[in-house]
Amino acid sequence: MANPEKKILKALVEIEETMEKLDGTLDQMEDTDSRVKHFIEQEKAIHEIKKIVRAADKMEKYEEKDLSKWAHRIKVDVDGQEKALLKIAKETDKLDETLSKMSDDDGKVKSFVAQKKVIHQVKKILHNCGLYDKYVEDELDQLV
């Protein structure tokens, strides 16, 4: 079985890369682009995060060169990494639960806001691990 530290580290770095990609995509959108486009991009990122978290449970082996590529990027202990990955998994599960409780009348705006909150939490978790430097604490306040 694979070394759990490597598995967790790889998953966190992949999630960080997903957040960076989402930030780049959202930055390229113009102010005139609709919230629907933002919603769709957020949804893609959340699905990718879920996929990464689930794959982390199934990974069996890693190459040493990959570990050395990522090792300098994380500043917390292994227990902290594992807790961070579990928190991200809980946040995405909580989003699924929230979205399933919404009726069709609630519309996409509430879904958009719920997604935005989860993405903000994922960024915060990654930031606390030393992986995400672009975290802005009052980002959700700017949403309104």
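The values are calculated or read from the model by the stated rules, or taken from the named source; none is laboratory data. Note that the coordinates shown come from a computational prediction; the quantities given were computed from them, not determined experimentally. So basically every Cβ, Gly included, is an ideal-geometry build from the backbone, and we count neighbours across all protein chains shown.
Given the criterion over 24 Å from Gln142 (Cβ atoms), at pLDDT 75 or above and under 11 Å from the mean Cα position of the chain (by Cα), identify the matching residue among Leu22, Leu85. Exactly one of Leu22, Leu85 is over 24 Å from Gln142 (Cβ atoms), at pLDDT 75 or above and under 11 Å from the mean Cα position of the chain (by Cα), namely Leu85.
To keep it simple, each residue is scored yes or no on (1) surrounded by 17 or more Cβ atoms within 10 Å (Cβ to Cβ); (2) modelled with pLDDT of 85 or more; (3) under 19 Å from Tyr132 (Cα atoms); (4) basic (Lys, Arg).
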| position | (1), (2), (3), (4) |
| --- | --- |
| Asn3 | no, no, no, no |
| Ala11 | yes, yes, yes, no |
| Glu16 | yes, yes, yes, no |
| Asp31 | no, no, no, no |
| Glu43 | no, yes, no, no |
| Lys51 | no, yes, no, yes |
| Arg54 | no, no, no, yes |
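Of the residues making up region 109-144, those that are loosely packed, with under 13 Cβ neighbours inside 10 Å and part of a helix (DSSP H, G or I) are Val109, Asp141, Gln142, Leu143. Applying the criterion of being in contact with a helix residue (DSSP H, G or I) (Cβ under 8 Å, 6 or more places away or on another chain) and either exposed (fewer than 12 other Cβ atoms within 10 Å of the Cβ) or assigned to a loop (DSSP other than H, G, I, E, B) (or both) to the residues of region 56-70, the residue that is modelled with the lowest pLDDT is Tyr62.
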